[in-house]
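A short worksheet on the structure shown next.
The values are calculated or read from the model by the stated rules, or taken from the named source; none is laboratory data. The model shown is predicted, which means the values in this text are computed figures rather than measured ones. Backbone-built Cβ (ideal geometry, glycine too); neighbour counts: all protein chains shown. Just so you know, the surface numbers come from the protein's heavy atoms only, side chains and all, with ligands and any DNA or RNA stripped out. Shrake-Rupley method; radii C 1.70, N 1.55, O 1.52, S 1.80 Å.
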Amino acid sequence: MTFAHRLRAAALSGLTLGVLGLASCGGGGSNPLGNPSNVNNPPGVGGQKLSFAYFQKCINPIFLAQLQINVGGTISTNKCAGSGCHDTTTGTGGAFRVVPLATTLDVTDPANTPDVIRASDMYKNFYSAQGEVVNGSLTQSRLLAKPRLLNVLHGGGLIFPNDQDPNVKLISYWITHPAPLGQDEFSIATYSMFTPADPNTGTCNTQ
């Protein structure tokens, strides 16, 4: 065998050993160059739900109110749920959508089960608003950051000038007072967010 043949044989032998070594790293003799086995993502832990009752009574009305807006120094009024903003059918305001004529539901009525409420337009508003929230974080929640222009653009301009705005206080309270861990968005424990603790007759707490 010539020197060239011996060199080629040694190289092939080394390649075979290298591949075998890679296979052993993959475990179980699996192909190290193939796709990995399925990754199991564990369920989230520590997550808490925001209150539907408080949203319906205290937050949703903000989206329907005529609010003063400041777009580049030009002052006018408009609704978050207005046409061209966050209206669910004619809005151009991104993912956050509001059904303006969503009907209020009596959350204390046994007939309004979670399944019934989740099929309602009011729940669509709740779900969409919740999607703009990072639980417990006011600065990262776009539901507050965008209308306050806190390091993020908002086509609708400046809506809430400071953290003393009554609507900011309501939204802040909602974000920072989720239902107890392990309970859903309909938990009666969230009724303490009203004074008295009744979602039908109570006023909306802000502190």
Heavy-atom accessible area of Met193, protein chains in place, probe 1.4 angstrom, given in Å² to nearest 10, is 10 Å²
Full extension from Thr74 to Asn205: what is 0.36 nm times the residue separation minus their Cα-Cα distance, to one decimal in nm? 43.9 nm
Can you give the accessible area of Asp121 in Å² (nearest 10), computed on protein heavy atoms with a 1.4 Å probe? 60 Å²
What is the gain in length, in nm to one decimal, between Thr90 and Thr113 on full extension, counting 0.36 nm per residue of separation less the C-alpha to C-alpha distance? 5.2 nm
Please list Thr176, Thr195 from largest to smallest accessible area, probe radius 1.4 Å, with all protein chains kept in place. Thr195, Thr176
Could you please report the charge total around Pro161, scoring K, R as +1 and D, E as -1 over all other residues with beta-carbon less than 15 angstrom from its beta-carbon? +1
Please give the solvent-accessible surface of Ile117 in Å², to the nearest 10, using a probe radius of 1.4 Å with every protein chain present. 0 Å²
Most to least accessible of Val98, Val107 (protein chains only, probe 1.4 Å): Val107, Val98
Shape descriptor, region 140-207: equivalent ellipsoid semi-axes (Cα gyration tensor, sqrt 5λ, whole Å, largest first) stand at 27, 14, 8
In this structure, the FRET efficiency calculated for Ser137 and Ile188 from their beta-carbon separation, with R0 = 25 Å, to the nearest 0.05, is 0.45
Report the gain in length on full extension from Asp106 to Leu64: 0.36 nm times residue separation, minus Cα-Cα distance, nm rounded to one decimal. 13.2 nm
Let me know the charge dipole size of region 125-207 about its Cα centre in debye, to the nearest 20, where only the beta-carbon of Lys, Arg (+1) and Asp, Glu (-1) is charged. 260 debye
Just by accessible area at a 1.4 angstrom probe, what is the order of Leu67, Leu181, Leu149 from largest to smallest? Leu181, Leu149, Leu67
If N is the number of residues in region 81-207, what value comes out of its Cα radius of gyration divided by 2.2 N^0.38 Å? 1.10
Gln164 versus Leu181: modelled label distance in nm, points set 7 Å from Cα along the beta carbon direction: 3.7 nm
